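Read the figures in this text as sums done on the coordinates, not as results from a lab. In this text, all values refer to a predicted model and were calculated from it rather than measured experimentally. Every residue, glycine among them, receives a Cβ derived from its backbone with ideal geometry; neighbour counts consider all protein chains shown.
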Amino acid sequence: MAHTKSTAPPKPSPRERLLAAANDLFYAEGVQTVGIDRIIEHAGVAKASLYNTFGSKEELVRAYLETRHAGTVDRIRRAVAEQTDPRARLLAVFDAQGAQFARSDFRGCAIAAASVEAPHGGLVEQAADQYRNDIRTLLTELAEQAGVPDPAALAWQLHLVYDGGALSARMDRDPSVAAVSRATAETLLDAALR
């Protein structure tokens, strides 16, 4: 009789479990509200695991924000890649954002929420700055590909619409703001191309 080995997936590492716990709790309740002990309990790891892996709560928050950043940029880039027309590629940014607004667990931009609570000049502010720079750079590249004469100016305007859409969707608890955001982006794009 042959013996077969179990092919259960490997248990996530303490780092992965801590990041998953941070994602669940920080996004739902806020980075300042959730203490280290709750993260450790939710992750099912020893306190030493947190400090050996991240060193501090601020480093864990930074890693959480970097994970959110990467997920958002990846989601947007996938939506953009599905389009071939340069105009549609730029508007796909707002389509991808609008899909997030419709999620039952949408609580606004995790990075904006964390930066509001963070001290000036710290790791959280640095993570937020990098995220904002990446979004603005992507919008600038897409505006340039669409043939806009001043892509940086349009990117700035579109970034305001992007931020405002997320804030409105969260505060009004109304995912239909996505259509307004996209229409506003489209109007700005058409005006820039005239």
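How would segment 48-88 be classified by its alpha-carbon gyration tensor: rounded, prolate or oblate, with rounded meaning a/c under 1.5 and the a/b versus b/c comparison settling the rest? It comes out prolate by the Cα gyration axes.
Compute the label zone of residue 176 within segment 86-106: residues whose backbone N is under 18 Å from the point 7 Å along Cα-to-Cβ. Counting backbone N atoms under 18 Å from the label point, the list is 98-104.
Can you give the convex hull volume per residue for the Cα atoms of the chain, as a whole number of Å³?
Measuring per residue, one finds 158 Å³ for the Cα hull of the chain.
With 0.36 nm allotted per residue and the present C-alpha distance subtracted, the residue 11-residue 130 stretch has 39.7 nm of extension available. Among the trypsin sites (Lys or Arg not before Pro) in segment 1-95, those placed in a DSSP loop whose Cβ has at most 13 other Cβ atoms within 10 Å are 5. The equivalent ellipsoid of segment 12-55 has semi-axes of 16, 11, 8 Å, largest first, where each one is the square root of 5 times an eigenvalue of the Cα gyration tensor. Note on the chain: with charges restricted to the Cβ of Lys and Arg (+1) and Asp and Glu (-1), its dipole about the Cα centre is near 580 debye. Note on segment 120-190: with charges restricted to the Cβ of Lys and Arg (+1) and Asp and Glu (-1), its dipole about the Cα centre is near 220 debye. When the chain is treated as a GNM, springs tying every alpha-carbon pair under 10 Å, which of 96, 183, 79 comes out with the largest mean-square fluctuation? Maximum fluctuation in the GNM of the chain, among the listed residues, is at 183.
What is the sum of charges, Lys and Arg at +1 and Asp and Glu at -1, for the other residues whose Cβ falls under 13 Å from the Cβ of residue 76? Result for the local shell: +1. Does segment 152-194 classify as rounded, prolate or oblate by the C-alpha gyration tensor (a ≥ b ≥ c root eigenvalues; a/c under 1.5 gives rounded; else a/b over b/c gives prolate, otherwise oblate)? Since a/c reaches 1.5 but b/c is at least a/b, the shape of segment 152-194 is classed as oblate.
Each of 94, 54 has some number of other Cβ atoms within 10 Å of its Cβ, and from fewest to most they run 54, 94.
With a Förster radius of 35 Å, plug the Cβ-Cβ distance of residue 150 and residue 23 into 1/(1 + (r/R0)^6) and report the FRET value to the nearest 0.05.
Here the calculated transfer efficiency is 0.40.
At a threshold of 8 angstrom on Cα-Cα distance, excluding pairs fewer than six apart, so keeping six or more, what relative contact order does the chain reach in percent? Reported as a whole number, the value is 19 percent. Maximal additional length on extending the residue 33-residue 102 stretch stands at 22.3 nm, based on 0.36 nm per residue less the C-alpha distance.
The trypsin sites (Lys or Arg not before Pro) of segment 96-145 that DSSP puts in a loop, and whose beta carbon has at most 16 other beta carbons within 10 Å, are 103, 107.
Does segment 90-175 come out rounded, prolate or oblate, given a ≥ b ≥ c as the square roots of the eigenvalues of its C-alpha gyration tensor, rounded meaning a/c under 1.5 and, failing that, prolate meaning a/b above b/c? The shape class here is oblate.
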